[in-house]
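**Q** There's a structure below that I have some questions on.
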Amino acid sequence: SSPTMILIREIVQHAFTTGCLTVEAEEQLRQLLQKKYDANDLKAFMLLQQAAMSGSVRQESRERALYECAVSKRAASDRAILSCVLADRTTATRSRV
């Protein structure tokens with residue numbers, strides 16, 4: 001058997017063991033799935049997909065994307081608050097003059 005057939009299952013097994021699919025492992029899986037693999041590798045991959053969707057295995061790439069989205073929303077919110085504060089100060093300064 002070729003190393004590819006073993007590797008897909010190894011990556012999947014590691015994700016189940018640790019409870020996390022790393023970005024690196026996800027990239028390895030993408031590359032391996034472009035090559036020839038057997039039914040057991042496909043079954044293992046499908047089980048991993050289900051586990052990631054249900055949340056029983058964390059998906060690092062999804063968590064990073066959610067974190068980056070939350071950070072950018074927070075930054076946008078902070079900018080909006082700051083612009084309101086600055087607008088209020090400008091209005092207050094003009095009304096004193």
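**Q** Find the residue count for region 32-49, including only residues that are surrounded by fewer than 16 Cβ atoms within 10 Å (Cβ to Cβ) and within 19 Å of Arg62 (Cβ to Cβ).
**A** Within region 32-49, the subset surrounded by fewer than 16 Cβ atoms within 10 Å (Cβ to Cβ) is 33-36, 38-40, 42-43, 46-47, 49.
Adding the requirement that they be within 19 Å of Arg62 (Cβ to Cβ) leaves 33, 46-47, 49.
Counting residues in region 32-49 that are surrounded by fewer than 16 Cβ atoms within 10 Å (Cβ to Cβ) and within 19 Å of Arg62 (Cβ to Cβ) gives 4.
**Q** For region 1-73, please list each of the helices (runs of 4 or more DSSP H) lying entirely inside it that holds at least 3 residues being hydroxyl-bearing (Ser, Thr, Tyr).
**A** 3-18
**Q** If I filter region 63-80 for residues that are in contact with a Leu (Cβ under 7 Å, 6 or more places away or on another chain) and touching a residue at least 12 places away in the same chain (Cβ under 8 Å), do I get at least one hit?
**A** no
Coordinate-derived values only; no laboratory data. Note that the structure is predicted; figures quoted are calculated from it, not measured. Every residue, glycine among them, receives a Cβ derived from its backbone with ideal geometry; neighbour counts consider all protein chains shown.
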